[in-house]
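**Q** Sending over a structure as structure tokens; questions will come in a sec.
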Amino acid sequence: MAARWAAGASEGMERSGGAGGSRLLCPGSLCCFLAGSAWVCGLLGWARPERWLASGSLFPLSCIHTSTSLQKFGKWEKKNRIVYPPQLPGEPRRPAEIYHCRREIKYSKDKMWYLAKLIKGMSIDQALAQLEFNDKKGAKVIKEVLLEAQEMAVKNHNVEFKSNLHIAESMTGRGRYVKRIRYHGKGMFGIMKIVRCHYFVKLVEGPPPPPEPPRTGFDQAKEYVQHLRSRTLVNTL
């Protein structure tokens, strides 16, 4: 860069002219100009971050985060990072657990709730078959989430057979609600809500457990009486 500036200065010195005739730069000013440009080039070269960061042992380049955004994990996804202690000899193998979710789905949580409760307790293949023949918008979203969780189970959780999974938990949550104005005639307006929801699923390795027997009214009454007898009355003998 200093050589380029020197060539430009010499060219300007040859072409410089005015009303009083041709003018030449003095050698002293040219030397000062070249020395200043060399000093600036050296300062810029020293100030490059890849030079002093790579050479320093305190801040190596590999330890500096340079991406635009960090991947955010919620409480549900962090359950995949739980590390259990080693099992004892003869203890039955602990089944794998896969937590997965999708957030900010542009769909009502109340409509998604029916589909979430439909597949709870089913095997993964049965749930995918039920969602395949459901024409609702949420069914397509839940199917995509189940396929992603199934792939995670084989890839990250050492599940041998991807069909050996069942849905232990399936639930929805309220997402971000945004209010907007809906314009009517004659200067009137209304408030409309743009709703979003979350969907959470937990897959467990192994066949699904047997369904619970239906509870009769007599069983519910007996449970209620037992609850009344076991309660504690405050400020009494």
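**Q** Is one or more of the residues making up region 105-126 under 23 Å from the mean Cα position of the chain (by Cα) and open to solvent by 70 Å² or more (accessible area, probe 1.4 Å)?
**A** Pass one, region 105-126, residues under 23 Å from the mean Cα position of the chain (by Cα): 105-109, 112-113, 116.
With open to solvent by 70 Å² or more (accessible area, probe 1.4 Å) added as a condition, the list becomes 106, 113.
There is at least one residue in region 105-126 that is under 23 Å from the mean Cα position of the chain (by Cα) and open to solvent by 70 Å² or more (accessible area, probe 1.4 Å).
**Q** Of all the residues that make up region 142-168, how many are out of contact with any helix residue (DSSP H, G or I) (no Cβ under 9 Å at 6 or more places or on another chain) and open to solvent by 60 Å² or more (accessible area, probe 1.4 Å)?
**A** 6
**Q** Any idea which residue in region 162-189 is nearest to the chain's Cα centre (by Cα), counting only those that are over 30 Å from ASP125 (Cα atoms) and part of a loop (DSSP other than H, G, I, E, B)?
**A** We begin by selecting, within region 162-189, every residue over 30 Å from ASP125 (Cα atoms); these are 176-189.
With part of a loop (DSSP other than H, G, I, E, B) added as a condition, the list becomes 176-177, 184-188.
Numbers: ARG176: 16, TYR177: 19, HIS184: 39, GLY185: 42, LYS186: 45, GLY187: 43, MET188: 41 Å.
Going through the qualifying residues, I end up with ARG176.
**Q** What tally of residues in region 66-101 results from selecting those that are assigned to a loop (DSSP other than H, G, I, E, B), modelled with pLDDT of 90 or more and of a type in the set (Phe, Trp, Tyr)?
**A** Counting residues in region 66-101 that are assigned to a loop (DSSP other than H, G, I, E, B), modelled with pLDDT of 90 or more and of a type in the set (Phe, Trp, Tyr) gives 1.
**Q** Hey, another quick one. Of the conditions (1) free of Cβ contacts under 8 Å to residues at least 24 places away in the same chain; (2) open to solvent by 30 Å² or more (accessible area, probe 1.4 Å); (3) not in a strand (DSSP E or B), MET192 clears all except one; give me its number.
**A** The one condition MET192 does not meet is (3).
**Q** What's the total number of residues in region 111-129 that are touching a residue at least 60 places away in the same chain (Cβ under 8 Å) and of a type outside the set (A, V, I, L, M)?
**A** 2
**Q** Run down GLU132, GLU148, GLU144, GLU97 and say which single residue is out of contact with any strand residue (DSSP E or B) (no Cβ under 7 Å at 6 or more places or on another chain) and in contact (Cβ under 8 Å) with a residue 40 or more places away in the chain.
**A** GLU144
**Q** Right, another one. Would you check which residues across region 199-221 are without any contact (Cβ under 8 Å) to a residue 12 or more places away in the chain and not aliphatic (A, V, I, L, M) and list them?
**A** If the condition is that a residue be without any contact (Cβ under 8 Å) to a residue 12 or more places away in the chain and not aliphatic (A, V, I, L, M), then PRO210, GLU212, PRO213, PRO214, ARG215, THR216, GLY217, PHE218, ASP219, GLN220 are the ones that fit.
**Q** Let me ask something else about it. Could you name every one of the helices (runs of 4 or more DSSP H) located completely within region 102-157 that has at least 3 residues being closer than 21 Å to GLY175 by Cα and of a type outside the set (Val, Ile, Thr)?
**A** 109-119, 137-156
**Q** Assuming LYS75 fulfils every condition listed in (1) touching a helix residue (DSSP H, G or I) at 6+ places or on another chain (Cβ under 9 Å); (2) within 14 Å of MET171 (Cβ to Cβ) apart from one, which condition is it?
**A** Failing condition for LYS75: (1).
**Q** Right, another one. With the structure loaded, tell me whether LYS155 is of a type outside the set (A, V, I, L, M, F, W, C), over 24 Å from LYS75 (Cα atoms) and free of Cβ contacts under 8 Å to residues at least 60 places away in the same chain or whether it fails that test.
**A** Judged against the criteria, LYS155 is not a match.
The values are calculated or read from the model by the stated rules, or taken from the named source; none is laboratory data. It should be emphasised that the depicted structure is a prediction, and the values quoted were computed from it without experimental measurement. Positions of Cβ are backbone-derived with ideal geometry, glycine not excepted, and every protein chain shown enters the neighbour counts. What goes into the accessible areas is simple: the full protein's heavy atoms, side chains included, and nothing from ligands, DNA or RNA. Shrake-Rupley method; radii C 1.70, N 1.55, O 1.52, S 1.80 Å.
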